[in-house]
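First comes the structure, then the notes that go with it.
Read-outs: derived from the displayed coordinates by stated rules, not from any lab. Small disclaimer: the values here were computed from a predicted structure and weren't measured. For neighbour counting, all protein chains shown are included, and Cβ atoms are generated from backbone atoms with ideal geometry for every residue, glycine included.
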Amino acid sequence: MSDHAAFTTFMRSYQDMVYTTAIRLLGNSAQAEDISQEVFLKAYEHFDDLRDGPGAGGWLKTVTTNLSINHLQRYRKRWSFFSELLSRDDEGDAPPVDFPAPETFFTELEAADRREWVQQALAKLPDKQRVPLVLYHFEELSYEEIAERLGVSLPKVKTDIMRARQALAQHLTRAAAERRELTA
């Protein structure tokens, strides 16, 4: 198999993962497509190392995450680094977020529909909330790693993730109510 054909096969194997990672972070399909193309240009440059390596997926995910974060920091309005004070419980934890009950919320939805619904709700979040939430829940980074990557304080990361969870819950609750009204 030629290098061109091998790279095409490689790219097709990973294109959904790369795009999904980018869209979750950016919340914009055109920007996610641009980042995906940039990721695969970098992958092409390193294809000799990635071709047979077991870490190709992890490398692509890391590059996608880093390029998406760089894009947000470079081209979008700068994030405010100062957050309002939050009320916390005695142990210093953020208050719990009330998500809709899963047994009633997603009952009639297929897995693909659920993913699309969550993607749409994520896209409605502001960058300063969506990015840390995605990094924490989808990329499984620690609060400390997120703070370091984004260049913000640890309390800011925790605050933004907590607010993102609350906003996401509100978006999903509204979407569920709208769906019930349409099917009623």
- Query: For residue 28, which sequence-distant residues (separation of 5 or more, or a different chain) have an amide H within less than 5 Å of its own amide H, given hydrogens modelled in the peptide plane?
  - Reply: none
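Exposure proxy check: 183, 64, 8 ranked by fewest other beta carbons within 10 Å?
Numbers: 183 7, 64 27, 8 12.
Listing 183, 64, 8 from fewest to most nearby Cβ atoms yields 183, 8, 64.
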- Packing-based ranking, highest mean first, of 15-22, 161-168 given that Cβ atoms within 10 Å are counted: 161-168, 15-22
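With contacts defined as alpha carbon pairs under 8 Å and 6 or more residues apart, what's the relative contact order of the stretch 3-75 in percent?
Working: 48 pairs, mean separation 28.4, N = 73.
Once normalised by length, the contact order is 39 percent.
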- Message: Going Cα to Cα from residue 42, which lysines come in below 23 Å? Please leave out same-chain ones fewer than 8 positions away.
- Response: 61
- Query: Can you put 39, 134 in order, fewest other beta carbons within 10 Å first?
  - Reply: 134, 39
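Multiply the residue separation of residue 47 and residue 142 by 0.36 nm, subtract the distance between their alpha-carbon atoms, and state the gained length in nm to one decimal. Walk me through the numbers on the way to the answer.
Details: separation 95, 0.36 × 95 = 34.20 nm, distance 2.94 nm.
Between residue 47 and residue 142, full extension yields 31.3 nm more.
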